[in-house]
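The values are calculated or read from the model by the stated rules, or taken from the named source; none is laboratory data. Note that this is a predicted model, so its numbers are computed, not measured. Quick reminder, even Gly has a Cβ in these numbers, built from the backbone with ideal geometry, and neighbours come from all protein chains shown.
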Amino acid sequence: MARGSSPLETMPVSRFARQTRWSLIALTGAMLAFLYLPIAFLILFSFEDAATPGLPITGLTLHWYQVLASDSAIQGALLTSIEVAVVVTIIASIVGTMVAFPLVRGGIRGAGILRLLFTLPIMIPGFLIGIGLLIFFRQGLHPLVNVQLGLYTVVAGHLVFTIPFVVLIVASRLQGFDRRLEWAAADLGAGPWRTLRHIVLPLIAPAILAGALLCVTLSIDEFVITFFLIGPQQTLPLYIYTQIKFGVTPEVNAIATVILLVSLSTVALGSLLLTSGRRLRRRPR
């Protein structure tokens with residue numbers, strides 16, 4: 001072996017290495033196209049001039065966004081979805097973070113089994129959760145109690161499958177947490193609450209924020225559980241489902257494009273806030 005050469009440079013290489021590499025690159029490109037081409041077409045068709053979107057494009061227009069701005073039905077459904085998502089995100093983030101602490105640090109016997117029980121709703125099909133909660137609210141509480149379905153039952157259903165995601169994300173962050181930072185804060189005279197506020201929470205904030213963003217996405221996107229637990233109100237997925245029976249219109253593509261842009265902007269804003277927070281903490285005082 002020549003001095004200074006890497007062992008990888010002297011390893012024997014198959015004569016099909018170049019073909020294999022280009023095949024894997026082509027496969028990766030095909031998979032990316034399969035994942036993102038439908039989204040690209042959705043955005044493109046939202047600007048389609050014709051009432052029935054499709055190829056070839058007959059013209060580009062902003063008419064469907066103007067229709068969207070004046071459609072009170074779809075705006076009401078969107079606001080309902082946002083209200084549910086905000087409530088679900090706040091409750092799931094708080095409860096999931098509180099549950100993650102004893103699972104990781106509580107020294108509970110059978111913590112692995114408890115973690116499996118908390119993550120079980122992720123693996124259960126949504127229609128089973130919806131049917132189970134529907135029976136519970138209508139008949140399972142008490143023979144004389146008949147809970148009326150509404151947004152609060154939808155929130156309860158969404159919490160069943162969103163809290164486990166927060167628990168998993170925050171627990172994984174806590175497992176990699178350096179406890180010596182807390183010990184150092186205690187040596188310097190910081191109490192438990194001050195340590196929690198100034199040391200623990202800022203360091204696990206990215207995990208809590210990631211769980212919260214995931215809760216927002218899952219709640220707005222959820223259809224099956226919402227279908228079983230909703231009352232007279234309509235969320236956005238239910239509205240789109242009722243409209244899609246008559247065909248996909250560019251108005252549906254327009255609202256989907258707006259939601260996509262808002263989601264990407266939220267993720268970018270969250271990343272920017274986290275980066276700014278790290279810089280402020282690192283800045284000498």
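A quick yes/no check of all residues on (1) more than 13 Å from the chain's Cα centre (by Cα); (2) surrounded by fewer than 17 Cβ atoms within 10 Å (Cβ to Cβ); (3) at pLDDT below 75; (4) assigned to a helix (DSSP H, G or I):
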| residue | (1), (2), (3), (4) |
| --- | --- |
| Q139 | yes, yes, yes, yes |
| V154 | yes, no, no, yes |
| H158 | no, no, no, yes |
| V166 | no, no, no, yes |
| A171 | yes, no, no, yes |
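Considering each residue of region 96-112 in turn, none proves to be of a type in the set (S, T, N, Q), under 29 Å from the mean Cα position of the chain (by Cα), over 30 Å from L174 (Cα atoms) and at pLDDT 80 or above. Among residues of region 34-49 that are under 16 Å from L68 (Cβ atoms) and in a loop (DSSP other than H, G, I, E, B), those with a beta-carbon under 9 Å from a residue that is among the acidic types (D, E) and at pLDDT below 85 at least six positions away or on a different chain give the pairs S46/E251.
For region 75-83, the criterion of being crowded, with 18+ Cβ neighbours inside 10 Å, out of contact with any Phe, Trp or Tyr (no Cβ under 8 Å at 6 or more places or on another chain), modelled with pLDDT of 85 or more and closer than 18 Å to P237 by Cα is satisfied by at least one residue. Scanning region 206-258 for residues that are surrounded by fewer than 18 Cβ atoms within 10 Å (Cβ to Cβ), under 21 Å from the mean Cα position of the chain (by Cα) and part of a loop (DSSP other than H, G, I, E, B) gives a single hit, F223. Looking at region 186-204, is at least one residue modelled with pLDDT of 75 or more and touching a helix residue (DSSP H, G or I) at 6+ places or on another chain (Cβ under 6 Å)? Yes: one or more hits.
Can you confirm whether region 99-109 contains a residue that is of a type in the set (F, W, Y) and either touching a residue at least 60 places away in the same chain (Cβ under 8 Å) or outside any helix (DSSP H, G or I) (or both)? Scanning region 99-109, I find at least one residue that is of a type in the set (F, W, Y) and either touching a residue at least 60 places away in the same chain (Cβ under 8 Å) or outside any helix (DSSP H, G or I) (or both), so the answer is yes.
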